[in-house]
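Peer 1: Would you mind keeping the following structure in view while I ask a few things?
The values are calculated or read from the model by the stated rules, or taken from the named source; none is laboratory data. None of the values given here were measured: they were computed from a predicted structure. We place every Cβ from the backbone using ideal geometry, glycine too, and count neighbours over all the protein chains shown.
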């Protein structure tokens, strides 16, 4: 019994050798990965397909095949998509801190497909529609004076329009 107690004291004196150094807490920086899962033969979405980075970060695709993996560690990651009746497919992504990275389309080939039938090319990646930004001249503040808005009157030397000229 004495040796057991001395052995335990010796182990406690060595410290906790299994824990990391005090300044290292672990992965603290995360990002997001977005994309869509499509059937490579028809370019149709595959709903409820399983999308993962490793085994800890997983999600399922929505009815449109779209997915968003949240809290993915920063760095180079391999995204894997799986669905019943399809071979799995992977895509590489570089995840940036606090940003969403789009990998575009992950295309799954059916496990059973006619021999020699090629897959379709992926559809074009949609680009966001441009938004109209108001120009500084068109957005006058409500408190601006009336002299700031140019006005044209026939008395100021501008030619009158034919519609406003009386006919004899």
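Peer 1: Filter the stretch 52-77 down to residues that are assigned to a loop (DSSP other than H, G, I, E, B) and at pLDDT 95 or above and give me whichever is nearest to residue 40 (Cα to Cα).
Peer 2: Here the residue is 65.
Peer 1: If I ask for residues that are in contact with a strand residue (DSSP E or B) (Cβ under 6 Å, 6 or more places away or on another chain), part of a loop (DSSP other than H, G, I, E, B) and within 15 Å of residue 46 (Cα to Cα), which ones from the stretch 86-110 would you list?
Peer 2: 88
Peer 1: Taking the conditions exactly as written (over 18 Å from residue 104 (Cβ atoms) and modelled with pLDDT of 95 or more), does residue 80 satisfy them or not?
Peer 2: Criteria not met by residue 80.
Peer 1: Could you check the stretch 39-54 and list, in sequence order, the residues that are touching a strand residue (DSSP E or B) at 6+ places or on another chain (Cβ under 6 Å) and closer than 22 Å to residue 72 by Cα?
Peer 2: The answer is 48, 49, 50, 51, 52, 53.
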